[in-house]
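Q: Quick one: structure below, then a few questions.
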Amino acid sequence: MIEKISTIFYSGVNEKIPYNDVRKYVLLNILLIISSFIIIVFTLINFFNKPSSILLNVDLIGLLANIYAFFDLRFNHTLKKASLIATINIFLLLFAVVYFGKAENFTLIWTIFFPVFAIFIHGCRKGIVISSIFYLIVFSFAFFNIGVWLDGQWNIASFLRYVAANLAMLFITYFFERSFESAHKELAKNRDIEQRYISALETASITDPLTQLYNRRYLDLAFHEQFLKAKAHQSYFAFFILDLDNFKAFNDTYGHIAGDNALKKVADVLKESMRRDADGAFRLGGEEFAGILMADSKEKICRSVEQIRKKIEALGIKHEKNPYSVLTISIGIAIIHDFKVEDFDKMYKIADKALYDAKHSGRNTLKGCDKISTL
Ligand code: GH3
Ligand code: MG
Ligand code: MG
């Protein structure tokens, strides 16, 4: 019926973003900024060298795509789109570096960073596939230029050293990410277990162990929630206290265990009678219970509560010290239809006073239905 405590605690806190996504988000931001910076440098170089070259247009398209991805990521958190744009950009950028820089001034060395970005952004499996495609192109290019680059100084040994360095970086990144992913999985599993413990504790902290009804501790919170609900619907709103009649005598006659069983049976009737979203049943302590309910008329409320009294009498639990020969209950109810003031204590007092009246008018009765109170 009522919201769970954690829901209330978490309201107002931003939705939790998975840790892996936060990591990708930060990484993509950095990547988009760095690659934009590099593209700008290239654009300027190309602009001053050949203002009308196709390369200049490619640079500009890449830059615009980067800027778009950066802002889209910032405002719409679209990780997938940004990942795709950043990967294509870094792919083309590094290939351009190799294509134009060749083996001059260690230019090729920059390609060792490709798997770092690809694997960190796309995860192990996809990252390896993307890196393989990239290296297939770059390695082929480097292989077919053996004996050509650096006036023939780029030989098979330099090629193999280049390939070895790149593959080493690829595997180091892969295993780093693998270990990170499994550590992360383990962490998520533990968090899951923790969450289940918290949930169980939370339920236990608001549940009465004997009857499995909500306990007194939860009543204040529930009252507030239900009050607001009733106010929003402008319903009639009621709080009642229910007390078992001559229950001390019942215990004395049939024993404490029989008493506990009787309490459970009463709680079961309450549970099945108050199953709607707008209802709530509680054990206040001892042989006293309470209920919150709302309806579009006072009569409907009183009919349902009177029904509870009748059902408990109809259980026919033998109680020879009670004038009715079976176990009965007395109920005091407070009903309001004016929501200007929320005062639980006052509503409790009104219901308690009605219960007192019920006890003094012979028990096994519901009192308080004759009036609508204001708080
Ligand atoms: P009244 O009709 O005026 O309410 O009389 P009563 O005897 O029910 O009221 P009283 O407050 O004198 O006694 C309440 C009794 O409820 C006392 C105790 O024996 C019994 N009781 C309270 N809590 C429990 C419980 O958890 N289990 C059992 N078996 N009995 C309980
Ligand atoms: Mg009592
Ligand atoms: Mg009693």
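No lab work stands behind these numbers, since they all come straight from the coordinates. Since the structure is predicted, the reported quantities are computational estimates derived from the model, not experimental observations. Neighbour counts are summed over all protein chains in view; Cβ atoms, including those assigned to glycine, are modelled from backbone coordinates with ideal geometry.
Q: Residues in region 195-211: is at least one away from ligand 1 (no atom under 16 Å from the Cβ) and within 30 Å of SER325 (Cα to Cα)?
A: Within region 195-211, none of the residues are away from ligand 1 (no atom under 16 Å from the Cβ) and within 30 Å of SER325 (Cα to Cα).
Q: Test each condition in (1) part of a loop (DSSP other than H, G, I, E, B); (2) under 34 Å from the mean Cα position of the chain (by Cα) for LYS371 and report the one that comes out false.
A: Against the list (1) part of a loop (DSSP other than H, G, I, E, B); (2) under 34 Å from the mean Cα position of the chain (by Cα), LYS371 comes up short only on (2).
Let's see how each residue does on (1) in contact with a helix residue (DSSP H, G or I) (Cβ under 6 Å, 6 or more places away or on another chain); (2) buried (at least 20 other Cβ atoms within 10 Å of the Cβ); (3) among the β-branched types (Val, Ile, Thr):
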residue	(1), (2), (3)
VAL97	yes, no, yes
ILE109	no, no, yes
PRO115	yes, yes, no
ILE172	no, no, yes
LEU187	no, no, no
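Q: Is at least one residue of region 256-267 surrounded by fewer than 17 Cβ atoms within 10 Å (Cβ to Cβ) and away from ligand 1 (no atom under 11 Å from the Cβ)?
A: Yes, that holds for at least one residue.
Q: All but one of (1) touching a Ser or Thr at 6+ places or on another chain (Cβ under 7 Å); (2) within 16 Å of ligand 1 (Cβ to nearest atom) hold for ILE308; which doesn't?
A: Here ILE308 meets the rest and fails (2).
Q: Residue pairs, Cβ under 7 Å, 6 or more apart or interchain, first in region 118-131 and closer than 12 Å to PHE175 by Cα, second among the basic types (Lys, Arg). List them.
A: Going by the 7 Å Cβ cut-off, the qualifying pairs are CYS124/ARG178.
Q: Separate question: Restricting to region 288-316, and then to whatever is in a helix (DSSP H, G or I) and within 16 Å of ligand 3 (Cβ to nearest atom), can you tell me which residue is surrounded by the fewest Cβ atoms within 10 Å (Cβ to Cβ)?
A: Among residues in region 288-316 that are in a helix (DSSP H, G or I) and within 16 Å of ligand 3 (Cβ to nearest atom), the one surrounded by the fewest Cβ atoms within 10 Å (Cβ to Cβ) is GLU313.
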